[in-house]
Structures are given as structure tokens and as C-alpha cells.
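See below for the structure under consideration.
Read-outs throughout are calculated quantities, based only on the coordinates presented, and are distinct from any laboratory measurement. From a predicted model like this one, the values you see are computed outputs, not experimental measurements. As a convention, Cβ positions derive from the backbone with ideal geometry for all residues, glycine included, and neighbour counts pool all protein chains shown.
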């Protein structure tokens with residue numbers, strides 16, 4: 001009869017039929033009672049989950065995913081690998097401090113593409129976070145890269161005008177199948193983009209660099225500009241690549257036929273006798289900017305070429321990833337640790353003043369008769385309900401040099417008219433205003449804990465001979481400590497994440513880490529650093545929140561008393 | 001707390017000193033809000049009391065800042081935006097939040113702790129972090145700078161308040177009432193609307209008030225999420241305070257104080273009604 005105990009809540013007569021003695025108990029529909037109950041429990045769970053699901057989904061999309069996005073952005077570093085794919089690949093094979101010609105050639109192609117797509121300035125901005133000067137370097141060389149190899153291109157076209165014709169290049173390099181589809185596309189004239197350029201097998205094998213350079217040009221021309229490669233003269237890079245290919249493989253012409261073969265033969269001879277000059281991208285880059293010849297530039301590129309980086313986090317704690325591993329930033333650039341410390345210290349001070357001011361009020365409210373306490377509670381709840389901006393504007397108005405508080409102090413003769421107190425745009429202003437804003441969050445939990453302390457304890461202590469102070473300090477105060485803990489953690493959590501009030505009354509000395517995060521999101525656009533700073537702050541808050549949960553429990557969060 | 005007749009002089013002194021201290025703290029709490037009110041009637045564009053005001057000279061007072069607030073498009077547009085965004089965010093938060101709170105109060109909910117933690121998280125995470133994450137994510141999906149982007153963000157911020165208030169009322173809910181309704185033949189929907197809803201209504205209403213005020217007062221998220229077309233009243237006040245502070249802001253502040261007094265009164269009425277009902281029904 002063990003099963004019968006499960007059916008505790010069910011009315012015996014209706015819900016369950018008694019089966020033969022010793023057999024399983026059956027429900028009204030003849031299924032075993034155990035299975036029937038299990039099914040109903042499962043159904044209950046499903047119903048509960050179905051009711052919760054819409055909200056859970058909503059919060060996941062509107063809130064949890066954004067936070068996840070922030071965590072992702074704090075380590076994400078696609079921009080170098082995306083903007084300079086060839087350089088990153090070439091750098092992997094070249095461990096020297098200042099890399100050789102292949103890396104510079106890859107860099108020239110990448111930079112030319114980036115300039116056409118206007119992404120090199122973004123890359124410069126990103127790398128400038130890590131090493132100042134990168135932005136101007138990339139902008140400057142970005143201007144020069146188009147002109148690189150100009151003399152090679154002149155020499156080649158001087159040899160034979162046909163090299164100026166886009167058609168010559170297409171005839172030399174294109175895959176016949178692509179020529180076919182391109183012709184069909186041109187005939188259709190339906191405004192769709194030109195089919196992506198494809199190189200022939202012979203060209204890919206014998207003129208590899210030329211094909212690579214031409215592909216880059218073709219991609220930009222077709223995909224970004226929406227033009228046809230049959231109408232555009234290729235970049236200087238393609239001429240340099242062609243000359244290089246023929247220098248490396250003078251007999252490349254044999255793989256081609258007709259006009260192509262004749263032109264390549266002529267060009268090959270010109271390359272061999274020096275009519276077409278040999279150029280070095282490395283020299284051209286160094287000529288554009290000496291920084292390209294320095295190991296520092298390349299170590300920055302190398303360090304930040306990976307797709308994920310700890311760089312933002314290091315930056316957020318005043319470290320940086322140098323060529324020799326992690327190192328401290330320059331003393332003048334060290335601002336974040338100081339800001340974190342200031343945020344923590346100010347939050348502690350604000351929490352402390354909240355305890356100091358909140359404790360007497362909570363004590364008074366908890367020990368007054370109900371009616372009076374409810375009335376006085378309004379004085380706590382009205383500020384609690386009043387808009388944060390209203391309270392901040394009030395303080396901004398009151399604390400000004402020509403504001404009400406200074407006026408009263410002058411009128412009372414406490415300070416002279418000439419030296420009115422600076423109460424705003426500094427730490428004092430932030431502490432005064434934020435204590436006012438957070439005080440209700442201290443008073444309310446303290447009050448609810450103090451309400452639960454039996455008055456008889458203090459009376460008992462006094463009847464046993466304790467004086468007022470001993471009775472309070474040894475008996476009452478220890479019982480109110482959980483309230484202080486709850487209120488303090490609440491105030492502290494709220495304080496370290498504050499943005500609006502420090503921004504408006506804090507000046508430069510009274511701002512918090514939040515203000516820096518906001519600055520990086522909307523002004524400096526260094527989103528990665530903003531995300532890293534935010535993640536660190538979030539981790540601190542989560543830790544405190546966990547402590548709060550252990551101490552008070554989230555279920556006990558009380559709103560408005 | 002009354003002073004006993006046998007109290008010593010020291011006790012008397014402390015008794016009154018304590019009251020004076022408490023009075024000063026209450027003054028600190030309430031004075032900034034109260035001072036704003038007369039200042040907003042200043043006839044001059046000053047942020048302090050003019051000599052005329054101190055002499056209670058009627059010439060020192062005027063409604064010009066209110067006039068400006070209610071006629072200037074710079075303030076009216078944000079006011080209307082706030083009034084368009086907050087109710088919609090409240091509606092979403094209350095509808096989804098109440099449903100989920102009912103689900104959470106069932107006796108067998110798997111992963112209850114984890115679900116609760118996720119649902120409460122928008123209240124715990126500092127606003128600047130929520131704002132940063134939402135800004136990054138919503139610009140990816142094209143919601144940044146749109147009305148619905150701001151509404152969804154504000155609804156997410158308001159939901160924890162709805163969950164907390166509604167689950168709190170559901171804790172005291174007598175489940176035999178729904179069983180009675182079912183046994184009398186009411187379907188689940190009918191049971192919810194006719195039996196459960198009227199009983200948890202106070203919790204739902206106070207949750208709605210919290211969600212509304214969360215959206216109505218919120219500035220950090222909207223600052224990042226919104227475009228100029230979604231400028232709300234707190235946003236306008238924030239820009240006003242940061243850039244050129246105009247006395248109209250005092251009028252706006254007093255209007256907002258009126259809103260919060262109304263909210264406080266509404267909540268107090270709900271609380272009183274609850275206490276009365278609790279007094280009538282045997283525990």
C-alpha cells in the first residue's frame with residue numbers, strides 16, 4: 001500500500017479505485033495511480049514552463065543577449081585580420097623583427113584594397129588604442145599606396161600601349177568560361193553586378209602574383225564600385241606583380257598563345273635588360289614613412305593580428321601587450337586603476353554616510369507608534385519615488401556658488417561673500433547628492449529588519465542592569481546588523497554603477513568608472529575598451545549580488561517598504 | 001519611544017538631541033525636493049531666491065517657466081515621447097511579467113532559482129552596463145534609435161519589478177480558491193480572470209506603477225538607445241543640466257514631483273486596501 005501515501009491529497013473514493021489486494025493502485029481511468037500522478041506532475045511542470053517561457057525568451061533577447069554581446073566585444077578583434085588578411089598570413093611565415101619583401105607586398109595589396117573600401121582609417125583608429133601614431137601612419141601611407149609602382153607601370157605601358165587597355169589584362173588572365181559568362185551578362189544588361197572574375201589555370205600557374213594582385217583589384221572594382229573589369233585599368237600593383245613574375249619566371253610566356261605570348265615575351269626581355277625597373281615595396285613603404293622600417297610597428301601588427309585579444313582588458317587595468325609580453329602603460333596613460341579605486345572608495349564613503357544617516361532614521365521609524373511612523377515614512381518614500389533627475393537638478397541648483405546653500409552660509413556669516421564654497425563639480429558634490437539619492441535604499445531594509453527586533457530584549461537587558469548604551473550596543477545593535485549588511489550591499493551595488501549623478505555634479509574629479517564607459521561608447525568610440533571596463537564592473541557587481549543573495553536572499557527584496 | 005518620567009537629565013538631553021538629529025536628516029531628505037517648488041515660480045531666470053521672493057512680493061513670482069514648459073516644443077516633444085514610451089513598455093512588462101509570475105508560483109517549477117535570477121537580472125546589472133550591451137546588440141539588429149528599441153529596453157528594465165510585486169502577492173494566494181473554481185466547472189482562463197486576477201490585482205497594479213516609473217524616469221538607456229526622435233523628458237533634463245541650464249527645468253522637475261506624489265498616493269491606497277482586506281479575511 002505504499003502508493004496510497006502519494007495520493008494524500010486526492011479524495012480516495014473518486015480519484016482512485018482499489019484494485020486487487022497487493023496489486024498497484026489504479027486511477028479512475030484504469031492506469032496505475034503512480035503513472036497517473038507522474039503524468040499530472042509532468043503536465044504541471046510543462047504548464048508552469050509554458051507560462052514562464054514568453055518572458056524568459058523576451059529577457060533573453062532584450063537583455064541577456066545584449067550583455068553577451070558586450071562580453072564578446074571585450075575580446076573581439078577581427079579588424080586587423082579582416083582588413084589586412086594577406087599581411088596577417090604573410091607575417092605568420094616571417095618571424096623577423098622587420099619582415100621581408102613578401103609581407104610588404106601583401107601589405108601594399110591589403111592597404112590598396114582598404115583605401116578603396118575606406119577601412120584603413122578604422123583600422124588606424126583601432127591600432128592607435130594600442131600604440132599612438134598608428135592612425136597617422138596608416139592614413140599617410142594609405143595616401144601614398146596608390147602611387148607605389150608608378151614608374152614600373154609607366155615603363156610597361158611605354159613598351160606597349162596595349163597594357164593600358166583593360167581588355168589586354170582580361171585576355172591575358174581571365175578564365176575562358178568566365179569570359180563567356182561575362183559576355184552573356186554584358187548582353188543581358190540587367191543591372192546585376194558583374195560575375196566575379198576568375199583567372200585561367202595557365203595564368204594562375206605561371207603568373208601567380210599578377211593573378212593575386214589582379215584578383216584584389218577585380219574584387220574591389222566589381223563588388224565595391226559596381227564597375228566592370230573590362231573597362232578599368234588595373235592598379236600599379238598589377239604592373240609591379242607582372243614584372244616580378246616575369247623576373248622570377250622569364251619563360252612564362254610559353255604557357256600563353258597569340259598576342260598574349262608576344263606581349264609577355266617583349267615584356268620579359270624588357271624586365272631582363274632593366275628597361276622595366278625592379279622595385280622594392282619595402283623601400284617604398286619606408287620612403288612613405290620611416291615607421292615601417294621599425295620593429296615596433298610590426299610588433300603591434302603582429303600582436304593584434306589574432307581574432308581575439310586580451311588587449312582591452314589589459315588596457316582597462318593600465319597594462320599593455322608589448323613585444324616582450326605584458327607591461328605597465330606609460331605613467332601618463334595610467335588612468336583606469338585610479339578610476340576603479342576612486343569608484344570603490346567613493347562608493348564606500350557614500351555607503352558609510354548612508355549608514356550614518358540612515359540608522360537613526362530607521363531606528364526612529366521602527367520605534368515610533370505605527371501612525372506617526374507611517375506619516376514620517378512619507379518623508380523617506382517621496383524622495384525614493386521622485387525622479388533621479390529631479391533630485392540631481394535640485395542639488396545642482398542648491399550647491400552652485402550662487403546657489404541657495406552658499407547664499408544661506410554667506411547670510412549666516414559662516415563664509416565670506418568672496419570665498420563661497422565650491423560644493424559642485426567635485427567629489428563633495430557627488431557624495432552629497434548620491435548619499436541623498438541612495439539614503440532610502442539604506443533606510444528601507446534597515447527599517448524592515450528593525451521592525452522585527454522584539455522590544456522586550458532591550459527591556460530585559462535594562463532590567464538586568466544594563467545602561468542605555470550597553471543595552472543598545474550589546475543587545476539591539478547586533479540584531480540590526482543584518483539590516484546594515486543588506487542596506488550597505490544594496491547601496492554599494494547601486495553606487496558603483498552610477499552614471500547620471502556623477503556626470504552632472506561630479507566635474508572631473510568626481511566621476512566614476514561608468515562615466516568613462518559612457519565616454520568610450522559615445523565619444524571616443526573605443527567600444528572594445530568600454531566593453532572590457534563594463535565587464536569588470538559587472539563582475540564586481542555580480543560578486544556583491546551573490547553576497548547579497550547569501551545574506552538576504554533575492555526573494556526578500558522589498559520595494560517601497 | 002516615549003520618555004519615561006524617571007529619566008535622568010542625560011537621558012532627557014539625548015532624547016531630544018536624537019530627535020533634533022533625526023529632524024535634520026529628514027530635512028536633508030526632503031528639503032531639496034521642496035525647495036525646487038517655490039524656485040520654479042521665480043519671475044527671474046535665477047536659480048536662487050530673489051529678494052522679492054524672500055519678501056513674499058507677488059511680483060517676485062510668476063508662472064513663466066511653466067508657460068515655457070507647456071509651450072516650448074523643446075519640452076513638449078520629450079514629454080509626449082515619454083508618454084508614448086512608458087505606457088507601452090509598462091504594458092509589455094505587466095503582460096509578460098504577470099504570466100510568468102503565475103507560472104513561477106506553481107508548486108513544481110524546474111530550475112526555479114536560475115529562471116528567477118535571469119528574470120531579476122535587469123534590476124541588478126548597473127544601468128550603464130545594460131545600456132552599453134543594448135546599444136551594441138540593438139545596433140546589430142537595427143533596433144537602435146527606434147521607438148520599439150527603446151520600448152523593448154524599458155520593458156526589460158521594468159520586468160523585475162512586476163515579477164517581484166506579483167510573486168509577493170501570489171505567495172499569500174489560497175490555491176483552494178482556484179481548485180474550487182475548477183471543481184465548479186470554470187476553465188483555466190475563466191478561473192484566472194474571474195478568481196485569481198481580482199485577488200492579485202493589487203500586486204499587478206503596483207508592479208505596473210513601478211514599471212511605469214522605471215521607464216518614465218529612465219535616462220541612461222534611452223540616452224544610448226534612442227535617436228533624437230525618441231528624446232524623453234529625463235533626457236531633455238539631462239542635456240539641459242549638462243549644457244545650458246535653463247530655469248524651465250525647474251518647472252519640469254515640479255511636474256515630475258507631482259507625478260511621483262501621485263504614484264506614492266496610489267501605492268499607499270493599494271497598501272491600505274490590502275491591509276483592510278487582510279483584516280477582514282481570517283488568516
Contact order normalised by residue count of chain A, Cα under 8 Å, 6+ apart, percent = 14
ask   = Can you give the extra length, in nm with one decimal, that the chain gains between residue A:547 and residue A:225 once fully stretched, where that is 0.36 nm per residue apart less the Cα-Cα distance?
value = 110.2 nm
query = Highest GNM mean-square fluctuation, chain B, Cα pairs closer than 10 Å: which of B:245, B:92, B:200?
reply = B:245
task = Take the alpha carbon atoms of the range A:187-255, find their center, do the same for the range B:24-42, and report the distance between the two centers in whole angstrom.
result = 75
message = Suppose the chain between residue B:261 and residue B:73 were pulled fully straight at 0.36 nm per residue; how much longer would it get relative to their current alpha carbon spacing?
response = 65.1 nm
message = Let me test this: with uniform point scatterers at the alpha carbons of the protein assembly as shown, what is the Debye-based log₁₀ I(q)/I(0) at q = 0.05, 0.07, 0.10 1/Å?
response = -0.45, -0.76, -1.12
key: FRET efficiency, 1/(1 + (r/R0)^6) with R0 30 Å, evaluated for residue A:60 and residue A:307 via beta carbons   = 0.70
note = With T = 37 °C, eta = 0.692 mPa s and Kirkwood Rh from C-alpha pairs, the Stokes-Einstein D of the range A:445-543 in µm²/s is about 196
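Once R0 is set to 22 Å, what does the formula 1/(1 + (r/R0)^6) return for the Cβ-Cβ distance between residue A:162 and residue A:186, expressed as a FRET efficiency to the nearest 0.05?
Between residue A:162 and residue A:186 the formula returns 0.55.
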ask   = By its C-alpha gyration tensor, with a ≥ b ≥ c as the square roots of the eigenvalues, how is the range A:211-288 shaped: rounded for a/c under 1.5, else prolate for a/b larger than b/c, else oblate?
value = oblate
ask   = Roughly how many whole Å is it from the C-alpha centroid of the range A:313-337 to that of the range A:344-402?
value = 40
task = Once you've got the GNM for chain B with C-alpha springs shorter than 10 Å, pick whichever of B:205, B:94, B:171 has the biggest mean-square fluctuation.
result = B:171
key: Label-point gap, in nm, between residue A:247 and residue A:509 - each point 7 angstrom along Cα→Cβ   = 6.4
ask   = How much length is gained on full extension from residue A:144 to residue A:81, taking 0.36 nm per residue of separation minus their Cα-Cα distance?
value = 20.5 nm
message = Using a 7 Å offset from the Cα along the Cα-to-Cβ direction at both residue A:273 and residue A:467, what is the distance between the two label points in nm, to one decimal?
response = 11.6
request  = Using only C-alpha atoms and all pairs of different ones, pull out the Kirkwood radius for the range A:336-556 in Å with one decimal.
outcome  = 19.5
task = Please report, to two decimal places, log10 I(q)/I(0) for the range B:72-201 at q = 0.13, 0.15, 0.18, 0.23 Å⁻¹ as given by the Debye formula with identical point scatterers on the Cα atoms and no solvent.
result = -0.69, -0.84, -1.04, -1.34
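Rounded to the nearest 0.05, what FRET efficiency do residue B:193 and residue B:46 have when you use their Cβ-Cβ distance and R0 = 56 Å?
0.50
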query = How big is the gap, in Å, between the Cα center of the range B:216-268 and the Cα center of the range A:79-158?
reply = 49
query = For chain B, modelled as a Gaussian network with Cα springs under 10 Å, which listed residue fluctuates most, B:196, B:144, B:236?
reply = B:196
task = On each of the three principal axes of the Cα atoms of the range A:150-272, give max minus min coordinate, whole Å, ordered largest first.
result = 46, 27, 22
key: Order of A:219, A:520, B:108 under a 10 Å beta carbon neighbour criterion, fewest first   = B:108, A:219, A:520
query = Label-point separation (nm) for residue A:371 and residue B:57, each offset 7 Å from Cα along Cα-to-Cβ?
reply = 4.5
